[in-house]
1. With a point put 7 Å past each Cα toward its Cβ, work out how far residue B:94 is from residue A:28 in nm, to one decimal.
2. Just need the relative contact order of chain B here, percent rounded to a whole number, with Cα pairs under 8 Å and 6+ apart.
3. On average, how many beta carbons from a partner chain sit within 10 Å of the beta carbon of a residue in A:267-276?
4. Counting other beta carbons within 10 Å of each residue's own, what order do B:83, B:116 fall into, fewest first?
5. Treating only the Cβ atoms of Lys and Arg (+1) and Asp and Glu (-1) as charged, compute the dipole magnitude of chain A about its Cα centre; round to the nearest 20 debye.
6. Could you work out the mean count of beta carbons from other protein chains within 10 Å of each residue's beta carbon in B:98-107?
7. Given a Förster distance of 51 angstrom, what is the FRET efficiency for residue A:295 paired with residue B:28, based on the Cβ-Cβ distance and rounded to 0.05?
8. By how many nm would the segment from residue A:148 to residue A:57 grow when fully extended, if each residue of separation counts as 0.36 nm and the alpha-carbon distance is taken off?
Amino acid sequence: MVSGSRLERLLREGHFVVCGEMSPPQGADKETIFRKCEYFRNYVDAVNLTDNQTAIVRMSSAMSSVFALAGGCEPIMQMTCRDRNRLAQQSEILGAYAAGVLNILCLTGDYMKFGNHPDAKGCFDLDSVQLIYAVSEMNAGRFVCGEEMKSPFGMFIGGAANPFAEPMKMRLIRLGKKIRAGAHFIQTQPVFDIPRFEKWMSAVRDEGYDQQVFILAGVMPVRSVKALLYMKNEVPGVRIADEYIKRMESAKDPKEEGVAMCVEIMKYLMQVPGVRGIHIMPVMWESITPRIVEEAGLLPRPEPKTSGGEGSDEQA
Amino acid sequence: MSRLSERVAGFFDRHPLLSKGAWLAEIIVKKALFRCQDCGQCVLSYNAFTCCMRCPKEMRNGPCGGTREDGHCEVYPERYCIWWLIYERSRKLRRLDKLRKFHIPVDRRLQHTSAWLNMFAGRIEPLTLSARLKPGEEYPPRRAKEEEKKSEG
């Protein structure tokens, strides 16, 4: 056990986990976070708090994670390399850990151009692989510069993987790097192309990566065909099979169809060998989470048997 | 690097004009050939002689998730993703093994200095033309030591 977080304990006990995702408010209103926590508490095992996603300013991921804790949810703090250099990243991680945040997802971050401050300077001091390495060094009791840390520290480290972007072999090389750098779990981009995911997953199993890291497959409920087309055309690195677009176009009630599609993809992912959990990304539609989890037959959520607290530094 | 090369590099380091000259000679060649971004810690030999610092996000360990289906960059759609090019060239030159190398965080102090001198002085890892990684290079430094111990024990 590295961190003793609820997510880590559940995964190590062999449970199939469910994660959610919420975006912090575009303002200083913490009540929004508490309200959104209602949709996730008791329905998912942990919730990602995004870090200025698509480069749009929101409440900081670390502070929102602390509010999510207060709201009764287990947070996964996302951290990007776009906005902070290695000093700021490590200091924010220390603060979040002290406040009880035990999971972190290390990302490179969307480019400034896509957000509401396209004129900003990007930092990109570390890349996501190096950020995983930095947190893993902190787990081993030192900062990324090599200097020793004065107090015990342990976070459950996550990374992202994109099964749908080309070239796939390069993606697998990079996944291997993330694992060797110290990642414990991997969350993927949303699955909207099952044959491609199948192909990627079998390559992952061939490399033996599914034995070294917990893979959580992403899903995304969509409300309209417009949202799906936006994903297909405007978000690079996302692949959407035409079948889903046709289904959404011809649906009488697109919302119902979106839920049905999401549940169907989840049920498929649950039986893929090597997939250890689901990561639901209900972008701006957090309220649908309880229904999706229930319809996929993933309720009630299990309680970890092992206790948290001080863990030994044992690798996944 | 050997003691001789360290002494040569030391001599250059003590004479700022000489080391500026070495940097200028290097940057002119590498700018022309590789569109070098002058980070001072060259990884060209790992990346099939394609400079990864040309990436808008300066990714040193592989592509971000935003490569478009046609291999173009998400930030500048008119350009190729640099990691797409690196992968394609590595495949053609049979240097895919080299892509598995873990690159440590960039030392920003070395920017605008000669990578060749830095290599001779032992400030950065030596560049090798070999198409294979040395044992342990795919791990971060601490893990590499652990793995070495494991294989010895």
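FYI, it's all coordinate maths here, none of it is from the lab. Note that the coordinates shown come from a computational prediction; the quantities given were computed from them, not determined experimentally. Neighbour counts run over all protein chains shown; Cβ positions are idealised from the backbone, glycine included.
1. For residue B:94 paired with residue A:28, the spin-label model returns 6.4 nm.
2. Working: 183 pairs, mean separation 45.6, N = 153.
Relative contact order of chain B: 30 percent.
3. Other-chain Cβ atoms within 10 Å of each residue's Cβ, averaged: 0.
4. Fewest to most other Cβ atoms nearby, the residues stand as B:116, B:83.
5. 320
6. 5
7. E(calc), rounded to 0.05, equals 0.20.
8. Between residue A:148 and residue A:57, full extension yields 29.4 nm more.
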